[in-house]
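Trainee: Before we start, here is the structure in question, set down as structure tokens.
The values are calculated or read from the model by the stated rules, or taken from the named source; none is laboratory data. Just so you know, these numbers come straight off a predicted model, no measurement behind them. Note that each Cβ is placed from the backbone with ideal geometry, even for glycine, and that neighbours are counted across all protein chains shown.
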Amino acid sequence: MRVVEEDLLPSTPGKVKVERPGTMSRHLHRCFASTGTMFLWALFLVAMTATYLSVHSFVDTSSRYFTASWGGLHWERQIRSSASPRRPPGSAEGAGLSVLVTGAAGFVGTHCALALRRRGDGVVGIDNFNSYYDPSLKKARRALLGSHGVFVVEGDVNDGRLLAKLFDVVPFTHVLHLAAQAGVRYAMENPASYVHSNVAGLVSLLEACKDADPQPAVVWASSSSVYGLNDRVPFSEAHRTDRPASLYAATKKAGEEITHTYNHIYGLSVTGLRFFTVYGPWGRPDMAYFSFTRNILQGKPITVYRGRDHVDLARDFTYIDDIVRGCLASLDTAGRSTGTGGKKRGPAPYRIFNLGNTSPVTVPTLVAILERYLRVKAKKNVIEMPGNGDVPYTHANISLAREQLGYKPTTSLEMGLKKFVRWYLSYYGYNRGTHTFRNS
Ligand SMILES: NC(=O)c1ccc[n+]([C@@H]2O[C@H](COP(=O)([O-])OP(=O)(O)OC[C@H]3O[C@@H](n4cnc5c(N)ncnc54)[C@H](O)[C@@H]3O)[C@@H](O)[C@H]2O)c1
């Protein structure tokens, strides 16, 4: 018995015992000596094949994220040209930034990239054009950016090789990181997408930033959702954020901790922005104001959630142009990163700001404003808010952003929705006479 054990097991874990001549045929003979053992061997082979196939399909799936074509001289020329600041020499605003905008084909990303380009900064975008919502809207935004000379690379922020290449081609002064899996409710359907983009993708981006020479300053989008179950209002940066109500919120909170680590160890300059319900033209179709508009125009009912005890939900709706001003002010005031070669040379700024409107509006009021601009009455289906991660109320205290960024929102929900509806009707080609859409 002892001899058999010695023959079958490697002498040292991890090492393979050298076979003696004739040992193999003895093994085979022993192994196939009974039907029971044969059955076990068959099972083993099936398991090996299944493992091979599943590993193969995993590699295939993950490589799908990174198959977008990039590289080559022409591509590098496009990147360099898009990244070059175009402010006139000696202009009052200074030399001009060179900004990598992630999530550039997204709602906020497109507006920020355009605003940067308009004032003469260099901008390169990156976006994976995922299908969380209609990718044709993202492509239309990319076309808009292209017409203003902003190049958007199709790629995933998890692709470290692509990010390293971008930093190799351009010494970006700033990164505006907006790429994320957004939406609170979708987290119950596809939790992995939040980990992929908001946690793994963020780390991948920060790794590239910390390795870059010079290191850029990073401004990134956190969210008002980090306030979670906090019920002190208005929400201030000093309040608790350790009780998230959704996986989305938890990944944004994790992002705040992760960015702090990179600031602490590698000297990256970091500014986290907690946006409060951003809305406006070119907005996100998954958000209530957008889907309400579509349904109202199509004569379909809309679902309006109500809080406990029949209390209306309210949001601190913030118009996109105000958010863009907050983002640009954050880029302009971000201090330098201090690291080189992955080592910190001194402390770098770490900041967090609320960017809201400071005037919450209830959802029924939002619907009433839309009805007025659309000239159609909504069919409302009012139900109690299910436990899906939404919170009943948001309200930003923006004193810190006002003091340090000069942030001052100026657009009321009335005015902002008017601009949104005008854009919506023209983008989707809605004909008020026939109640039909040209492009839907
Ligand atoms: N819009 C809001 O009300 C709001 C509120 C709070 C926070 N935020 C945050 O602001 C940022 C911008 O939001 P938005 O409303 O423009 O959302 P959006 O979905 O329109 O934009 C995000 C973009 O990132 C891209 N993206 C996602 N994962 C990616 C990845 N792994 N690699 C590359 N690209 C990827 C998407 O394709 C999308 O175009 C997000 O970080 C979001 O979480 C938005």
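Trainee: Quick one: is SER224 of a type in the set (S, T, N, Q), surrounded by fewer than 24 Cβ atoms within 10 Å (Cβ to Cβ) and within 30 Å of LEU97 (Cα to Cα)?
Mentor: no
Trainee: Looking at the range 216-230 only, could you name the residues that are part of a helix (DSSP H, G or I) and not hydrophobic (A, V, I, L, M, F, W, C)?
Mentor: Once the filter is applied, which keeps residues that are part of a helix (DSSP H, G or I) and not hydrophobic (A, V, I, L, M, F, W, C), the range 216-230 yields SER224, SER225, TYR227.
Trainee: Among the residues of the range 145-185 satisfying the criterion of being surrounded by fewer than 20 Cβ atoms within 10 Å (Cβ to Cβ) and within 13 Å of the ligand (Cβ to nearest atom), which is farthest from ARG80 (Cα to Cα)?
Mentor: VAL184
Trainee: Select, from LEU145, LEU100, LEU137, LEU114, the only residue that is outside any helix (DSSP H, G or I) and hydrophobic (A, V, I, L, M, F, W, C).
Mentor: LEU100
Trainee: Kindly indicate whether THR394 is in contact with a Lys or Arg (Cβ under 8 Å, 6 or more places away or on another chain) and not aliphatic (A, V, I, L, M).
Mentor: Yes.
Trainee: Let me ask something else about it. Sort out which residues of the range 319-352 are buried (at least 19 other Cβ atoms within 10 Å of the Cβ) and acidic (Asp, Glu), and write them in order of number.
Mentor: Matches in the range 319-352: ASP322 only.
Trainee: While we're here: Please verify whether the range 231-246 includes one or more residues that are touching a residue at least 40 places away in the same chain (Cβ under 8 Å), surrounded by 21 or more Cβ atoms within 10 Å (Cβ to Cβ) and assigned to a helix (DSSP H, G or I).
Mentor: no
Trainee: Those residues that are touching a residue at least 60 places away in the same chain (Cβ under 8 Å) and either basic (Lys, Arg) or more than 9 Å from the ligand (Cβ to nearest atom) (or both), I need them from the range 127-139; list them, please.
Mentor: Answer for the range 127-139, where residues must be touching a residue at least 60 places away in the same chain (Cβ under 8 Å) and either basic (Lys, Arg) or more than 9 Å from the ligand (Cβ to nearest atom) (or both): just ASP134.
Trainee: Under 27 Å from THR110 (Cβ atoms) and of a type in the set (Ser, Thr, Tyr): which single residue out of SER399, SER337 fits that description?
Mentor: Exactly one residue qualifies, and that residue is SER337.
Trainee: Could you check how many residues of the range 257-291 are over 15 Å from the mean Cα position of the chain (by Cα), within 18 Å of LEU400 (Cβ to Cβ) and charged (D, E, K, R)?
Mentor: Counting residues in the range 257-291 that are over 15 Å from the mean Cα position of the chain (by Cα), within 18 Å of LEU400 (Cβ to Cβ) and charged (D, E, K, R) gives 0.
Trainee: Looking at (1) outside any loop (DSSP other than H, G, I, E, B); (2) free of Cβ contacts under 8 Å to residues at least 60 places away in the same chain; (3) more than 12 Å from the ligand (Cβ to nearest atom); (4) out of contact with any strand residue (DSSP E or B) (no Cβ under 9 Å at 6 or more places or on another chain), find the lone condition where LYS210 falls short.
Mentor: With respect to (1) outside any loop (DSSP other than H, G, I, E, B); (2) free of Cβ contacts under 8 Å to residues at least 60 places away in the same chain; (3) more than 12 Å from the ligand (Cβ to nearest atom); (4) out of contact with any strand residue (DSSP E or B) (no Cβ under 9 Å at 6 or more places or on another chain), LYS210 is out only on (2).
Trainee: Quick one: ALA105 ticks every box in (1) within 14 Å of the ligand (Cβ to nearest atom); (2) in a helix (DSSP H, G or I); (3) of a type in the set (A, V, I, L, M, F, W, C); (4) buried (at least 24 other Cβ atoms within 10 Å of the Cβ) except a single one, so which number is it?
Mentor: Of everything listed in (1) within 14 Å of the ligand (Cβ to nearest atom); (2) in a helix (DSSP H, G or I); (3) of a type in the set (A, V, I, L, M, F, W, C); (4) buried (at least 24 other Cβ atoms within 10 Å of the Cβ), ALA105 misses just condition (2).
Trainee: Continuing with this model, one more query. In the range 186-201, what count of residues is obtained for those that are more than 10 Å from the ligand (Cβ to nearest atom), assigned to a helix (DSSP H, G or I) and more than 19 Å from GLY272 (Cα to Cα)?
Mentor: 5
Trainee: Let me ask you something else. Condition (residue is in a helix (DSSP H, G or I) and free of Cβ contacts under 8 Å to residues at least 12 places away in the same chain) applied to the range 162-171: is it met by at least one residue?
Mentor: Yes - at least one qualifying residue is present in the range 162-171.
Trainee: Among the residues of the range 423-440, write down those that are in contact (Cβ under 8 Å) with a residue 12 or more places away in the chain and either outside any strand (DSSP E or B) or among the charged types (D, E, K, R) (or both).
Mentor: Scanning the range 423-440 gives TRP423, TYR424, TYR427, TYR428, ARG432, HIS435, ASN439, SER440.
Trainee: Being modelled with pLDDT under 75 and closer than 30 Å to ARG336 by Cα: is that true of GLU76 here?
Mentor: no
Trainee: When residues of the range 264-318 are filtered for being more than 9 Å from the ligand (Cβ to nearest atom), surrounded by 15 or more Cβ atoms within 10 Å (Cβ to Cβ) and among the aliphatic types (A, V, I, L, M), how many remain?
Mentor: 9
Trainee: All but one of (1) more than 15 Å from the ligand (Cβ to nearest atom); (2) farther than 29 Å from ASN357 by Cα hold for SER204; which doesn't?
Mentor: Condition (1) is where SER204 drops out.
Trainee: Still on this structure: From the list TYR319, TYR373, which one is closer than 21 Å to ILE398 by Cα and aromatic (Phe, Trp, Tyr)?
Mentor: TYR319
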